[in-house]
There are 2 protein chains.
Amino acid sequence: MSDKISKEIRSLVTNDGNIELSIKTAEIPTPGADEVLIKVEAAPINPSDLGLLLSFAADISSISTSGSGNETTTTMKIHPALMNAMKPRLDQSMQVGNEGAGVVVDAGENAKELIGKTVGLAGGAMYSQYRCVPAASCLVMDEGTLPSEAASSFVNPLTALSFIETMKMENHTALVHTAAASNLGQMLVKICKGDGIPLVNIVRKSEHVELLKELGAEYVCNTSDESFMDDLVAALVATGATLGFDATGGGNNGELPSQILAAMEIAANKTAKEYSRYGSDTYKQVYIYGGLDQSPTILKRSYGMSWGLGGWLLTPMIGRIGMEKFGQMRMRVAKEIKTTFASSYAKEISFEEMLEPAIIQSYAKQATGEKYLVNPHKE
Amino acid sequence: MSDKISKEIRSLVTNDGNIELSIKTAEIPTPGADEVLIKVEAAPINPSDLGLLLSFAADISSISTSGSGNETTTTMKIHPALMNAMKPRLDQSMQVGNEGAGVVVDAGENAKELIGKTVGLAGGAMYSQYRCVPAASCLVMDEGTLPSEAASSFVNPLTALSFIETMKMENHTALVHTAAASNLGQMLVKICKGDGIPLVNIVRKSEHVELLKELGAEYVCNTSDESFMDDLVAALVATGATLGFDATGGGNNGELPSQILAAMEIAANKTAKEYSRYGSDTYKQVYIYGGLDQSPTILKRSYGMSWGLGGWLLTPMIGRIGMEKFGQMRMRVAKEIKTTFASSYAKEISFEEMLEPAIIQSYAKQATGEKYLVNPHKE
C-alpha cells in the first residue's frame, strides 16, 4: 500500500474565514511515455511559497492545531478585511511548494535514461512525496549531486541570474540589492564577482557585512550604521548603480526603496555640471521582488522625475529573456549548484513539523532569516 | 531707450541660503537671418515653472520684499537641509518661464513672413518682454488668435496629448487622471471625448465633478465622497483603465497613487477566473507627472507584483514620440487652441505683481487651483 500512496501538503481557505494546512494522500500515478516519476527528497520553504501556503491574509497569531500525525490540521484566521481577495481560491484544497529535488524512480519509455538521476524541478506541488511530470521539465544534475543540494535550483538561482539580465536589458551597468545576506543575496554576490558586475549590497546587521565580505563582496552598506546614507551614496558613486532590487518593499521603516532612489540621485548629481529643475536625468529604477513585508512603502520623492518603482516577478521576466538564454541559465545552475548556487538551511523538517505552530511562526517571517528544507519522507 | 531695453524676471539662489526674485533688464537683440523677435504678451505660471522660479526648496512663509517698482527684490529662505541640492544653480541669475505667446515684431531675412503673426513658444525665459528665437521654434497661430489665447500652447496641450501617446505605446486602452479639474485635466476630457478614449477623472470637490460633467466627462470620482473607492473601482471595471497620471504624487494624504493601483487590481480581479498567488497579472502603471506636493507617497502594496509607479516628464516622452508625430501634435494644438486647448486664468498680472508676496503665496500652491497669466508689458 505505502508504495502506491503519496502524501502531500494542502492549503485550504474555508468559507468561514480560516486557512487550513493539512496532509492529504493521493495515489501515485504511472508515468506516461514522456514522463518521469520523482521521489521528492527535498523542497525549500521560500518566501515565494508563503503566499499560497499561508496566504498573505493569514493572522499568524491566531494559529491552532487539531489531530496529530498525518491527521494534523493547523488552522489560522484570515484577516476579515482580506477575505474578499481570497474568493478565487475559496474551498479549493491547494497543493503547495514551488521547487524541490528528488531522484527519478520510474519513467515512461522515452525517458528511461533518467532513472536514478537527481533532478531539480519547479513544478508546484513540491511538498509531495512523489511527483509525476514531463521529463523535459526536469533539470538533470551532475553525478554526485544530492537532492538536498539541488532543492533550490530554480527560484533563487534563476532570480539572481534574471536580475543580471534585467540590468542588461534595461541599460544599467551595476546593481543594488537589499536583504543581501539571504541565500539569494549570497548567490548574487558570487555571480557578480564572477561576471565582473559591480554590486552594492544592503544588509541590516554587522554580522551580515562580515558574511558577505568573506564571500568577496566589495560594497556592503548596513542600514543600522549611522553613516548608512553616506556609505550608500559613496558606493553608488563608485559603482554607478542605477538599478536596485528590494526583497521586502517595506525595509527600514518602509523607506528603503525611496532611500535607494534618493542616494542614486545624489550620486548622479555629484557629477552633474548643470542645474536641472526636474532633478538629474539619470534614470533610476528600484524593483520590489518580495511581497512579504506588508507595511507601507514610503516615498519621499527627492529624486526628480526620472525614476521608477515597481513589482518584479521571475515568470514574466523569463518570458522576456526567452527560451534560449533561459536554457543557458538552467545549465549554468546545474553545473554550479554546489558552488555559486549553493544554499544553506537552518533545519530539515518533516511534513508534520511543517504544520507545527512554532515552526510556521518561524518560516512565516523568514524573509531575511532562517530557511527550512522540507523532506517529505522524514518521519 | 525703452524700445531697446527688455525687462525680464530673474531667480537667483544666493550663497547665504536665500532665493531672490527680481526684475532685470537686457538689451533687445537684432534677429539673425533665421530668427524672429517676439514681443511677449502673455505667459502662464505653470506648476512646472515653479521648480525654477521658486525652487522646490524655498520656505514660502519666510517671504519678504525690498525696493519697489522695477527695483523690487523678493526674498525667501531656502530650507537649509536642501541647500546642497541647490549647488548647481548657486549664484546664477536665471531666466524663467517655460512658455508663452506674443507677436512677431521683427525678423531676419529668411523669416519676414512671420512679422505680425501671433506665435506660441516654449523657449524658457518667457517672463521677458522680448524674446529673440529661431523662427522654426515658433508655433504659428491661425489668424485671429490672441497671444492671451495662445499663451499655454505647449506645456498643458502637449502633456495631455502625450498622455494619450504613452497609453498607446505602453499598451493600455484607457486612462485615469487626478487633479482632473485643472486646465490640463479639462483639455484631457475634451481630447478623450473627441478621440473615443475612456477616461476616469479624479477630483476632490463636488463643484469639480459638475465642471467636468458639463464638459462631457463620463466618469468623475470625488476623493471627498465616502464611496470614492467603490466609485473608482466601478469606473475602472467599466473603462478597463490600467494607466494613471497623477499630478501631485501626494494627493489624498499621499495615498492616491496607491489607491489607484489598488482599485485597478480589484477591478482586474473581478474578472479573474483563477487565484494567482502574486495578484492579478494585469500590468498596472501610475505616473507622477507633477512634483509640487512634496509630502511622501504612501504605497500600501495590495496589488500583487505586476505594477509600476514612476516619474513622467514631457521632454523625454517627446523624444520617444518622435518628431513626425510631435509635429502633428503641435499642428493640432494651433488648430484647436480656442476649443480643445483653451485655457482659463484667474488673473492677468504684471512683473511687479509676480513679485508680490501674497501673489507668490497664491501661485506657489496653484497645483490644482488658480492660474495666473503674466503680461510682461502690463504696468
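The values are calculated or read from the model by the stated rules, or taken from the named source; none is laboratory data. This structure is a prediction, so every number in the text was calculated from the model and none was measured. Don't worry about glycine lacking a Cβ; one is built from the backbone with ideal geometry, like all the others, and counts go over all protein chains shown. Quick note on the areas: whole protein, heavy atoms, side chains included, nothing else; ligands and nucleic acids left out. Shrake-Rupley method; radii C 1.70, N 1.55, O 1.52, S 1.80 Å.
See the values below:
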quantity	calculated
Within the stretch B:82-98, considering residues that are within 10 Å of chain A (Cβ to nearest Cβ), outside any loop (DSSP other than H, G, I, E, B) and aliphatic (A, V, I, L, M), the one least open to solvent (accessible area, probe 1.4 Å)	B:86
Selection within the stretch B:1-33 - under 24 Å from the mean Cα position of the chain (by Cα) and of a type in the set (A, V, I, L, M, F, W, C)	B:9, B:12, B:13, B:19, B:21, B:23
Residue among A:368, A:315, A:340 that is at pLDDT 95 or above and either within 23 Å of residue A:202 (Cα to Cα) or within 14 Å of chain B (Cβ to nearest Cβ) (or both)	A:340
Residue list for the stretch A:170-221, restricted to those being assigned to a loop (DSSP other than H, G, I, E, B) and touching a strand residue (DSSP E or B) at 6+ places or on another chain (Cβ under 8 Å)	A:170, A:172, A:174, A:179, A:180, A:181, A:197, A:198, A:204, A:205, A:217, A:218
Which listed residue is open to solvent by 10 Å² or more (accessible area, probe 1.4 Å), in contact with a strand residue (DSSP E or B) (Cβ under 8 Å, 6 or more places away or on another chain) and of a type in the set (Phe, Trp, Tyr), from B:163, B:154	B:154
Qualifying residue in the stretch A:45-64 (condition: in contact (Cβ under 8 Å) with a residue 40 or more places away in the chain, farther than 21 Å from residue A:290 by Cβ and surrounded by fewer than 22 Cβ atoms within 10 Å (Cβ to Cβ))	yes
Single unsatisfied condition, residue A:318 versus (1) of a type outside the set (Asp, Glu); (2) open to solvent by 20 Å² or more (accessible area, probe 1.4 Å); (3) more than 16 Å from the chain's Cα centre (by Cα)	(3)
The one condition in (1) at the interface with chain B (Cβ under 10 Å from one of its Cβ atoms); (2) at pLDDT 90 or above; (3) crowded, with 21+ Cβ neighbours inside 10 Å that residue A:351 fails to fulfil	(1)
Tabulated pairs, the stretch B:218-229, first farther than 25 Å from residue B:195 by Cβ, second at pLDDT below 95, C-beta under 6 angstrom, 6+ apart or interchain	B:223/B:204; B:223/B:252; B:224/B:204
The stretch A:135-169, residues that are touching a residue at least 24 places away in the same chain (Cβ under 8 Å) and among the charged types (D, E, K, R)	A:142, A:149, A:165
Residue list for the stretch B:271-294, restricted to those being over 30 Å from residue B:53 (Cα atoms), more than 7 Å from chain A (Cβ to nearest Cβ), modelled with pLDDT under 90 and surrounded by fewer than 22 Cβ atoms within 10 Å (Cβ to Cβ)	B:271, B:273, B:276, B:281
Selected residue [on the phi < 0 side of the Ramachandran plot, in contact with a Phe, Trp or Tyr (Cβ under 6 Å, 6 or more places away or on another chain) and of a type in the set (A, V, I, L, M)] from B:78, B:38, B:45, B:5	B:45
Selection from the stretch B:27-44 of residues that are touching a residue at least 24 places away in the same chain (Cβ under 8 Å) and open to solvent by 10 Å² or more (accessible area, probe 1.4 Å)	B:28, B:29, B:30, B:31, B:32, B:33, B:34, B:35, B:37, B:39, B:41
Members of the stretch A:119-151 found to be in contact with a strand residue (DSSP E or B) (Cβ under 7 Å, 6 or more places away or on another chain) and of a type in the set (Asp, Glu), listed by number	none
Criterion: touching a strand residue (DSSP E or B) at 6+ places or on another chain (Cβ under 9 Å), β-branched (Val, Ile, Thr) and assigned to a loop (DSSP other than H, G, I, E, B) - qualifying residue of A:65, A:30, A:25	A:30
Lone unmet requirement of (1) more than 10 Å from every other protein chain (Cβ to nearest Cβ); (2) assigned to a loop (DSSP other than H, G, I, E, B) for residue B:268	(2)
Within the stretch B:223-251, tally of residues that are within 23 Å of the chain's Cα centre (by Cα) and farther than 23 Å from residue B:159 by Cα	1
Residue in the stretch A:56-77 that is more than 14 Å from chain B (Cβ to nearest Cβ), farther than 15 Å from residue A:10 by Cα and in contact with a Leu (Cβ under 8 Å, 6 or more places away or on another chain) present	yes
Residue match in the stretch A:110-125 (condition: within 14 Å of another protein chain (Cβ to nearest Cβ), open to solvent by 40 Å² or more (accessible area, probe 1.4 Å) and either under 12 Å from residue A:13 (Cβ atoms) or among the polar types (S, T, N, Q) (or both))	no
Any hit, the stretch B:232-247, residues being outside any loop (DSSP other than H, G, I, E, B), surrounded by fewer than 20 Cβ atoms within 10 Å (Cβ to Cβ), more than 10 Å from every other protein chain (Cβ to nearest Cβ) and charged (D, E, K, R)	no
Residues of the stretch A:295-312 that turn out to be open to solvent by 30 Å² or more (accessible area, probe 1.4 Å) and either assigned to a loop (DSSP other than H, G, I, E, B) or more than 7 Å from chain B (Cβ to nearest Cβ) (or both), as a count	4
When residues of the stretch B:336-360 are limited to those that are in a helix (DSSP H, G or I) and more than 20 Å from the chain's Cα centre (by Cα), the one nearest to residue B:68 (Cα to Cα)	B:352
Restricting the stretch B:113-128 to residues that are of a type in the set (Gly, Ala, Ser) and assigned to a strand (DSSP E or B), the residue that is farthest from the chain's Cα centre (by Cα)	B:128
